[in-house]
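K.L.:
Have a look at the structure that comes next, please.
The values are calculated or read from the model by the stated rules, or taken from the named source; none is laboratory data. Predicted, not measured: the structure shown is a model, and the values here were computed from it. When we count neighbours, we look across all protein chains shown, and the Cβ atoms used for this are built from the backbone with ideal geometry, even at glycine.
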Amino acid sequence: MRRWPDPRKFQKLNQQTLEKLLRRHRCGSDDQIADLVETIRSISPVTTDSSLIEPLAIRVRTLAEQIKTIDKGIEQLETEIESAMNRHRDAKLFTSLPGAGAALAPRLLAALGSDRDRWADANELGSYSGILPVTRQSGKTKHVSRRRACPSYVKQTFHEFADCARKHCDWSRAYYSLQRAGGMGHHAAVRKLASRWQRILMSIWKRRIPYDDSRYTEIMKRKLPALVPFLPTTT
């Protein structure tokens, strides 16, 4: 977009330049790139009015330059976050979690913070973060709905972590599969798993003891026998 903001000029690029550009951005196999080149060549512009295209091309180039500047700022922030994480006394509590890499471990640490008295238990954390649903009951009528009045980025952090954990942790994968087998949708099952993880996170955070996967797998097998058929046979 910085080099060819004007679509008319972009369409006129020679075959070699277009293919090189698409390969550099990993736009697919040779056949897919050939199809993309064909599509680019055959697209009909919405307008041919230069008085519209040329000012918009300038705007596109300007925005593209801003993206480049923002990318540099993001790189600086990531460096600072990594440095702060390495210095934090609780870092190992979160980097030991399955699926919590360079992006999610600092987010989880920030979500919980350093004040151990902030939440009395995992239920308070679940309600605050929006992972636990809202239950309304009147007489014999009970209605359970997703909690929307919550800090969305904190909720997203726990949701994303649970989804990553199920790909790196046997009991998490089994627990997710158990919920799905019971008819639960993907996101509902991930939230259910996130709630389980919040209980574990509260425990290791309060006690300052790093996560032990084998220990929690045994606890889950003991407390939830229905999980066992979904675990690998070697677990």
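K.L.:
If only one of R196, R207 is farther than 23 Å from K155 by Cβ and among the charged types (D, E, K, R), which one is it?
P.N.:
Being farther than 23 Å from K155 by Cβ and among the charged types (D, E, K, R) holds for just one of R196, R207, which is R207.
K.L.:
Quick one: how many residues across region 201-235 are among the β-branched types (V, I, T) and in contact with a Phe, Trp or Tyr (Cβ under 6 Å, 6 or more places away or on another chain)?
P.N.:
Matching residues across region 201-235 total 2.
K.L.:
Related question: Return the residues of region 220-233 that are assigned to a helix (DSSP H, G or I) and exposed (fewer than 13 other Cβ atoms within 10 Å of the Cβ); say none if nothing qualifies.
P.N.:
Selection gives R222, K223, P225, A226, P229.
K.L.:
Related question: State whether the residues of region 189-205 include one that is touching a Lys or Arg at 6+ places or on another chain (Cβ under 7 Å), assigned by TED's automatic domain parsing to the domain that holds R116 and surrounded by fewer than 16 Cβ atoms within 10 Å (Cβ to Cβ).
P.N.:
No, every residue in region 189-205 fails to be touching a Lys or Arg at 6+ places or on another chain (Cβ under 7 Å), assigned by TED's automatic domain parsing to the domain that holds R116 and surrounded by fewer than 16 Cβ atoms within 10 Å (Cβ to Cβ).
K.L.:
Consider W205 carefully, then state whether it is assigned to a helix (DSSP H, G or I) and more than 27 Å from V134 (Cβ to Cβ).
P.N.:
Taking the combined requirement at face value, the residue does not satisfy it.
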